[in-house]
Amino acid sequence: NVTVNVNGKWHITVELTANRSQLGTITLFDASGAEVSHAKCLGRSASGDAMNVTNGNTPIGVYEGYVEYHYDDIDAYGPYDVIKTIPKSGYVVEYCSHRSGIWIHGGREEVYGDLSEDDPNFRLGTTYGCVRIRSEYNLQLINEIAALIENHHESHGIVTITQDGQITL
């Protein structure tokens, strides 16, 4: 349960490595910087192409994020709302002008089924450049952001996506 009463923006960090086959970490923070939750994520595209290629790996940088109802393919995006983003700075703005933003979403449940994130066989399915999370964490994340908004956080937050700690290369 989120019970903070802080004015400001919530913040999501997505920490990825140059080896995009490895899982990264996604963390939600409230406006005071306190961690709300975290989980494993994947920022690898189906093609494995570079970040500046259309539908390539998730571009690093700083984005504005917001929750929006998703209306597309439940298999690909999961059954819950998604976090959509608008690029603001970093590599995504400098080298990926063709990207209007990325989504953070669930989907592709058949890839990991009931495995724990600590299981060595656990993996998430690739996307076309979005950040993939487990659908159950997607629901938790959406509910936590809603609770933050109800507790005086802004409806739009900050999403920072890094590769080996960098937002630009």
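So, in segment 104-115, exactly how many residues are surrounded by 10 or more Cβ atoms within 10 Å (Cβ to Cβ), on the phi < 0 side of the Ramachandran plot and part of a loop (DSSP other than H, G, I, E, B)?
Within segment 104-115, the subset surrounded by 10 or more Cβ atoms within 10 Å (Cβ to Cβ) is 104-109, 111-112, 115.
Still in the running and on the phi < 0 side of the Ramachandran plot: 104-106, 109, 111-112, 115.
Now drop any that are not part of a loop (DSSP other than H, G, I, E, B), which leaves 106, 112, 115.
The qualifying residues number 3.
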- Have a look at 159, 131 and point out the one that is surrounded by 15 or more Cβ atoms within 10 Å (Cβ to Cβ), touching a strand residue (DSSP E or B) at 6+ places or on another chain (Cβ under 9 Å), under 17 Å from residue 30 (Cα atoms) and of a type in the set (Val, Ile, Thr). 159
- Task: Could you tell me whether segment 41-54 includes any residue that is of a type in the set (Val, Ile, Thr), open to solvent by less than 10 Å² (accessible area, probe 1.4 Å) and in contact (Cβ under 8 Å) with a residue 12 or more places away in the chain?
- Result: no
- Hits in segment 74-96 - residues which are more than 18 Å from residue 162 (Cα to Cα) and either open to solvent by 80 Å² or more (accessible area, probe 1.4 Å) or of a type in the set (D, E, K, R) (or both): 74, 75, 81
- Message: Looking at the structure I just gave you, is residue 141 in a helix (DSSP H, G or I), closer than 22 Å to residue 76 by Cβ, open to solvent by less than 40 Å² (accessible area, probe 1.4 Å) and in contact (Cβ under 8 Å) with a residue 12 or more places away in the chain?
- Response: yes
- Message: For segment 74-103, which positions are assigned to a loop (DSSP other than H, G, I, E, B) and under 22 Å from residue 40 (Cα atoms)?
- Response: 78, 79, 80, 81, 101, 102
- Hits in segment 1-19 - residues which are at pLDDT below 95 and either surrounded by 15 or more Cβ atoms within 10 Å (Cβ to Cβ) or of a type in the set (Asp, Glu) (or both): 2, 4, 6, 8, 9
- Message: When the residues of segment 116-138 are narrowed to those that are aliphatic (A, V, I, L, M) and outside any strand (DSSP E or B), which ends up modelled with the lowest pLDDT?
- Response: 124
- Query: Pairs under 9 Å by beta carbon, first residue within 17 Å of residue 133 (Cα to Cα) and among the charged types (D, E, K, R) in segment 94-108, partner outside any helix (DSSP H, G or I) and open to solvent by 30 Å² or more (accessible area, probe 1.4 Å), six or more apart or different chains?
  - Reply: 108/126
- Message: I'm trying to understand the selection: among the residues of segment 84-117, which are charged (D, E, K, R) and touching a strand residue (DSSP E or B) at 6+ places or on another chain (Cβ under 9 Å)?
- Response: 84, 88, 94, 99, 108, 117
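The values are calculated or read from the model by the stated rules, or taken from the named source; none is laboratory data. Note that this is a predicted model, so its numbers are computed, not measured. Ideal geometry is used to build each Cβ from the backbone, glycine not excepted, and the neighbour counts take in all protein chains shown. Side chains included, ligands, DNA and RNA excluded: accessible areas come from the protein's heavy atoms. Shrake-Rupley method; radii C 1.70, N 1.55, O 1.52, S 1.80 Å.
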